[in-house]
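First the structure, in the form of structure tokens, and then the observations on it.
The values are calculated or read from the model by the stated rules, or taken from the named source; none is laboratory data. Keep in mind it's a predicted model, so treat the numbers as computed, not measured. Counting neighbours? That spans all protein chains shown, and the Cβs are built from the backbone with ideal geometry, glycine included. SASA here: full protein model, heavy atoms, side chains in, ligands and nucleic acids out. Shrake-Rupley method; radii C 1.70, N 1.55, O 1.52, S 1.80 Å.
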Amino acid sequence: MNRIIRKRMNKLRHMNGRGPFVAVLFVLAGLAAGVFAAERSSRIRGGSPVMGMAEGRADGSNRADDGGLSKQWESEPAEEETLLVGRFLYVKLEEYGSSLPYYDAEGSELGRFFQGDLLEVLPWDGEMAPVYYNEDCDVAYVEARFLSEEEPGRLTLPAVRPTLTPEEAGIVSVHIRKEQRELELLSDGEVIATYSVGLGGWPWDTKIAKGDSRTPEGTYYVCVRKDDSRFHLALGLSYPNKEDASRGLENGVITKRQKRAIDQAIDAGIQPPWDTGLGGAIMIHGCSEEGIGAERDWTAGCIAVDDAVIDILWEYCRLGTEVIIDP
């Protein structure tokens with residue numbers, strides 16, 4: 001029973017935020033089913049456990065008349081496994097793209113954990129720590145130095161210099177892939193550098209309205225360069241574009257007059273209105289005051305990079321630089 005309960009609690013720990021209540025009901029239902037099964041078994045054996053102990057038989061014994069089943073249960077006692085309860089620690093690695101192997105007792109690799117994985121770690125003494133690595137609570141071993149009490153951010157690509165200087169580069173453009181959290185800097189369509197990015201607090205889906213914390217998706221251009229940004233440096237993007245405006249008008253987010261103003265600004269290659277219901281001021285910028293850059297999704301819809309990266313992009317991205325943002 002302990003193993004069954006622990007399996008279900010493990011499932012509860014790994015469920016996302018949409019279903020913890022359902023998971024709790026599932027665990028409680030399992031416990032109730034176990035109690036019902038125990039009561040049913042006791043009835044088959046001749047009554048409740050309490051009645052079997054309290055009521056003696058005519059021959060002086062304290063065993064209920066169960067046709068010999070009690071003797072069978074006594075000779076085959078149920079084994080109950082006791083599992084240790086560990087503490088939960090995060091996997092905290094050091095290099096982008098790295099992973100943490102875990103091993104069995106003989107030292108054979110069983111698999112790998114990744115940055116930010118939450119593990120149940122048992123007490124250890126030495127360089128290797130025992131952890132439960134599956135829902136059956138089987139034990140594996142990992143290097144203890146890669147365990148952390150604090151949740152780490154994602155690992156980021158280093159801020160390397162592009163393979164071409166600004167003078168050597170041709171037509172510069174930027175390609176952002178949201179799912180990969182990566183920004184590619186291109187010259188004449190060829191990638192000359194790749195960097196990690198952080199996105200809006202709701203990183204999924206395209207931006208549809210002011211305050212939704214989403215990073216937009218589509219084709220834009222650099223329409224503003226801000227060297228006095230509170231995020232170090234910032235390259236403002238031409239959001240909303242014509243497609244955003246059409247969707248906003250259809251959804252009743254903006255008026256026809258506002259859509260017309262957006263369309264005219266895009267045709268002129270300047271900053272579109274940022275004060276409509278669609279929102280605006282979407283920028284590629286540096287770190288927050290707390291030093292958070294690309295390792296988390298924390299912005300109000302902007303694209304965040306490390307300060308060293310925005311310094312590089314500032315050199316290459318002039319007004320009008322094309323920026324494509326893909327899902």
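Restricting the chymotrypsin sites (Phe, Trp or Tyr not before Pro) of segment 198-268 to loop positions (DSSP other than H, G, I, E, B) with no more than 12 neighbouring Cβ atoms within 10 Å leaves Trp204. Label-to-label distance for Asp307 and Gln180 is 2.8 nm, based on points extended 7 Å past Cα in the beta-carbon direction. In terms of its alpha-carbon gyration tensor, segment 237-315 comes out prolate; a/c meets the 1.5 threshold, and the first ratio a/b outweighs b/c.
For segment 111-156, a/c is not less than 1.5, where a ≥ b ≥ c are the root eigenvalues of the C-alpha gyration tensor, and a/b does not top b/c. That puts it in the oblate class.
Selection among Gly286, Ala304, Gln271 by position relative to the dipole of segment 235-327 gives Gln271 as farthest towards the positive end (Cβ unit charges, Cα centre). Pop the C-beta distance of Arg145 and Asp267 into the FRET formula with R0 = 51 Å and round what comes out to the nearest 0.05. After rounding, the FRET efficiency stands at 0.35. Among the listed pairs Lys92/Lys207; Lys226/Lys259; Lys207/Lys256, which have their C-alpha atoms separated by more than 24 angstrom in this model? The answer is Lys92/Lys207; Lys226/Lys259.
Taken one residue at a time, the phi angles of segment 177-193 give Karplus couplings (6.51, -1.76, 1.60, θ = phi - 60°) of 10, 4, 4, 7, 6, 10, 10, 9, 9, 10, 10, 6, x, 9, 5, 10, 6 Hz. Gly and Pro are set to x.
Residues in segment 104-116 carry Karplus couplings, in order, of 7, 5, 8, x, 8, 6, 9, x, 9, 9, 10, 3, x Hz; the curve used is 6.51 cos²θ - 1.76 cosθ + 1.60 with θ = phi - 60°, and Gly or Pro positions show x. Per-atom-type breakdown for segment 219-294 gives carbon and sulfur 46% of the accessible area (1.4 Å probe, protein chains only).
Across segment 136-152, coupling constants 3J(HN,Hα) worked out from phi with the 6.51/-1.76/1.60 Karplus curve, θ = phi - 60°, read 8, 6, 6, 9, 10, 10, 10, 6, 5, 5, 9, 10, 9, 6, 8, 5, x Hz, and Gly and Pro carry x. With protein chains left intact and a 1.4 Å probe, residues in segment 175-231 average 46 Å² of accessible area per residue. Within the shell of other residues whose beta carbon sits under 15 angstrom from the beta carbon of Ala245, the net charge comes to +1, with Lys and Arg scored +1 and Asp and Glu -1.
For segment 122-218, rounded, prolate or oblate, judged on the Cα gyration tensor with a ≥ b ≥ c (square roots of eigenvalues), a/c < 1.5 rounded, else prolate if a/b > b/c? Cα axes put segment 122-218 in the oblate bin. Amide H contacts of Ile303: Met283, Ile284, His285, each under 5 Å away and 5 or more positions distant or on a separate chain (H built 1.01 Å from N in the peptide plane; Pro and chain starts excluded). Per-atom-type breakdown for segment 99-178 gives carbon and sulfur 48% of the accessible area (1.4 Å probe, protein chains only). Using the Cβ-Cβ distance between Ile324 and Leu122 with R0 = 30 Å, the FRET efficiency computed as 1/(1 + (r/R0)^6) comes to roughly 0.05. Separation of segment 267-318 from segment 158-206 is 13 Å, based on Cα centroids.
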